[in-house]
Amino acid sequence: MGKKMLLGILVFVIMLIPLNAVAKMGSGKVKAKSSDIDIEMFGALKTYPHFMDNIDFNDHHTKYDRILDESGFMKNHSIRNEIRLGWQAKADNWDFLIILESDFTLSKANTDRGANNTDPLDSGMTGEDFGVEKLNFGYNFGPFKVNTGWNTKFLDLQSGGILYGDDHPYIGFTGNFNDWNWEALYLIIQDEIDNKGGVFDGDDLDWRVYTLRLAHEWSGMTLAPIYAFSDNEDHDAKVHYIGLEGYGKIGIMTPRFEFIYADGDQDVSGGGDNDIQAWGAYASVDFEVDKSFIPYIGGYYLSGDDDPGDDDMEAFNGITNISRYTPTFGMENAFVYRYVPALGSHLYSNNFNTLGSSPGYGGISNSSKGDAPGMYMLGAGAKGSLGEKLSYKTQIMYFAFAEEDGLEDLGYGNGDVDDEVGYEFDLRLTYKFNNHFSLGNVLSVFVPGDGIEDILGDEFDETAIMDTVEMVWGF
């Protein structure tokens, strides 16, 4: 199976490069040039050995004792492996990007034996999940450009990432108007057919999103008004998001902020509806004292639901949450940015929106709860480069529930839940040997607060520790 896949990739590469192309090596990319198109080939490998202890905040095995990343569930010691191979082409008025990827936990079955369809962890390089991870084909008409595919798109990645960032399929349009950049997207989050006893419904499980993002720069600051309409048929919710993102450089400071308001309604089975009114905000500022020392401070607020029994749905659910890759507090191998069952967090996110009981109106895999407790986060850190090769980033974040009363009403903690979720400390060191290889390490520690102990039990009070070695190759 692996040999067939590699042969297919080789044939694909040959098909992409014209017979009269001249191959060149430079800038870490393989280039092929013909009379009307330039093609670049690139690739990367990330190998992340993870060493984990008490990831459920308990020194015994419990049902919460695991975490989820793109490679699947992990516990104790696992080695996540992400391999990418891509091509990018540009011509006079059109372009394309194709990235093949497989993300899996290293094992003999995943790398050589051939996948077993009954085991979701038995995949990887055997061909089960090595496919087109990112794709974009575009054509420039002059006044605007049309794009289609499933490359990463975002609405607020430059600030807190609370609304949307992901690689769902799309048809999009971009352009410029009087110094304003704009992008409009039609996102296909879900498109499934519901089989109701042999009667097929093509809308019942769908989830489509329509967005418009404008951006204009004033004196080094970019301001971006944002609008999104989420037609979430799967959860019978229609929601309008209106917001503003800002970021830029003012002297030694790099401020970032966003505010998003959600307004809509959700149909309730049996009649009636829930009134959705929620909001989220983020702000931070970096101070570039010099390249070796850039301290930063900031925080998040996501509204929570204080009364699950009424028809007001006040928990903020983004379409997805992409805080893991945001510029200030984002860190790929930090603890909170995974699906951590003991925390109620989900992949890429830093909130606790899987806590609650009522289906919400967003979140990765449509997983957020409409009566989630919301979140406060206050954090501070520093980053910098110590010479040309060594860099660091370290931070501490304090998390608390915005509304714990709703959790108490739902029976969490036998009706008594403290608002303190806990503290996370992260330290990342990276040594760049050359332009094609770096070696790093991330130590991430989460100290649970009284709120976690109240929800899970008195024995869930151990510090979670995760240490990750980062080996990254690229060409």
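Restricting attention to region 436-465, the residues that are under 26 Å from the mean Cα position of the chain (by Cα) and open to solvent by 60 Å² or more (accessible area, probe 1.4 Å) total 4. Against the conditions (1) more than 17 Å from the chain's Cα centre (by Cα); (2) surrounded by fewer than 23 Cβ atoms within 10 Å (Cβ to Cβ), ALA315 satisfies every one except (2). Of everything in region 348-359 that is open to solvent by less than 10 Å² (accessible area, probe 1.4 Å) and either touching a helix residue (DSSP H, G or I) at 6+ places or on another chain (Cβ under 7 Å) or not in a loop (DSSP other than H, G, I, E, B) (or both), the residue that is farthest from PHE401 (Cα to Cα) is SER349. In the set LYS31, LYS46, only one residue is in contact with a strand residue (DSSP E or B) (Cβ under 7 Å, 6 or more places away or on another chain), at pLDDT below 95, assigned to a strand (DSSP E or B) and among the charged types (D, E, K, R); that residue is LYS31.
Note on region 382-415: residues that are free of Cβ contacts under 8 Å to residues at least 60 places away in the same chain, part of a strand (DSSP E or B) and hydroxyl-bearing (Ser, Thr, Tyr) amount to 4.
Within region 309-347, which residues are in a loop (DSSP other than H, G, I, E, B) and among the β-branched types (Val, Ile, Thr)? Break it down into steps so the answer makes sense when it comes.
Going residue by residue through region 309-347, those that are in a loop (DSSP other than H, G, I, E, B) are 309-311, 314-322, 326-338, 341-344, 346-347.
Once the filter is applied, which keeps residues that are in a loop (DSSP other than H, G, I, E, B) and among the β-branched types (Val, Ile, Thr), region 309-347 yields ILE319, THR320, ILE322, THR326, THR328, VAL336.
Entry remark, region 319-347: residues being open to solvent by 10 Å² or more (accessible area, probe 1.4 Å) and more than 18 Å from SER284 (Cα to Cα) number 5 in total. Inspect all residues belonging to region 298-308 and state whether any of them is in contact (Cβ under 8 Å) with a residue 40 or more places away in the chain, under 18 Å from the mean Cα position of the chain (by Cα) and in a loop (DSSP other than H, G, I, E, B). There is no residue in region 298-308 that is in contact (Cβ under 8 Å) with a residue 40 or more places away in the chain, under 18 Å from the mean Cα position of the chain (by Cα) and in a loop (DSSP other than H, G, I, E, B).
Residue count for region 443-458, restricted to those that are in contact with a Phe, Trp or Tyr (Cβ under 9 Å, 6 or more places away or on another chain) and either aliphatic (A, V, I, L, M) or at pLDDT below 95 (or both): 6.
Within region 411-434, the residues that satisfy the criterion of being modelled with pLDDT under 95 and either open to solvent by 60 Å² or more (accessible area, probe 1.4 Å) or hydroxyl-bearing (Ser, Thr, Tyr) (or both) are TYR412, ASN414, ASP416.
The values are calculated or read from the model by the stated rules, or taken from the named source; none is laboratory data. Just so it is clear, the structure is predicted and the values come from calculations on it, not from any experiment. In this analysis, Cβ positions are derived from the backbone assuming ideal geometry, glycine residues included, and neighbour counts consider all displayed protein chains. Side chains are part of the model used for accessible areas, which takes the heavy atoms of the whole protein and leaves out ligands, DNA and RNA. Shrake-Rupley method; radii C 1.70, N 1.55, O 1.52, S 1.80 Å.
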